[in-house]
Amino acid sequence: MLSQAYVLISDIHSNLPALEAVLADIANSKGTAAATYHLGDLVGYAPWPNEVVSRLRAEAIAGVAGNYDSTVAHDYKHCGCKADTPHDEELAHVSYEWTRS
C-alpha cells in the first residue's frame, strides 16, 4: 500500500532566506508530498514578516496561527516570549514591537 507524505513547516519567524531554501528543497523532491502545511510562528525575530506571509500565500500553503502570530494579529502588548537572559528578553521585546509596527 502506498502512503501519502505531507510536509509540515514551522517556526519560520520571518526568516525569508530559510523559507526559500525549504521551499526549494520541497520543490526538488519531485512532488512526492501530497501537501505542505505550516504550523505557525511565521513572524517575529527576523526582518521579513510581510515577505514570509506573502510567500506562503503565493504558494497557497495553509496552516494555523502560532502564538507569536496570534499576539501580533491581536495587537497584544507582550509576545509571551521567554528568553534565557535579561538582555535576550529585551531584544525579544524590541523585535516584537518592530514586528507589530
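The values are calculated or read from the model by the stated rules, or taken from the named source; none is laboratory data. Because the structure is a prediction, the values reported are computed rather than measured. Cβ atoms come from the backbone with ideal geometry, glycine included; neighbour counts cover every protein chain shown. Surface accessibility is based on the protein's heavy atoms, side chains included, excluding ligands, DNA and RNA. Shrake-Rupley method; radii C 1.70, N 1.55, O 1.52, S 1.80 Å.
Brief remarks follow.
- Residue match in the stretch 50-65 (condition: at pLDDT 95 or above and either in contact with a Phe, Trp or Tyr (Cβ under 6 Å, 6 or more places away or on another chain) or in a strand (DSSP E or B) (or both)): yes
- Filter result for SER70 (at pLDDT below 95 and loosely packed, with under 11 Cβ neighbours inside 10 Å): no
- If you go through the stretch 1-20 and pick out every residue that is more than 23 Å from SER95 (Cα to Cα) and of a type outside the set (Ser, Thr, Tyr), you end up with 6.
- Every residue from the stretch 42-67 that is open to solvent by 30 Å² or more (accessible area, probe 1.4 Å), closer than 17 Å to LEU8 by Cα and touching a His at 6+ places or on another chain (Cβ under 6 Å): GLY63
- For the stretch 29-41, the count of residues that are assigned to a helix (DSSP H, G or I) and surrounded by fewer than 11 Cβ atoms within 10 Å (Cβ to Cβ) is zero.
- Whichever residue in the stretch 30-58 is without any contact (Cβ under 8 Å) to a residue 12 or more places away in the chain and farther than 30 Å from ASP88 by Cα and, among such residues, is nearest to the chain's Cα centre (by Cα): ARG57
- In a residue-by-residue description of the stretch 19-27, the property of being over 24 Å from SER101 (Cβ atoms) and in a loop (DSSP other than H, G, I, E, B) applies to no position.
- Cβ-Cβ under 7 Å pairs, at least 6 apart or on other chains, the stretch 69-83 side without any contact (Cβ under 8 Å) to a residue 24 or more places away in the chain, far side acidic (Asp, Glu) and outside any loop (DSSP other than H, G, I, E, B): ALA83/GLU89
- Residues in the stretch 80-97 that are outside any helix (DSSP H, G or I) and at pLDDT below 90 were compared, and the one that is farthest from ASN67 (Cα to Cα) is ALA83.
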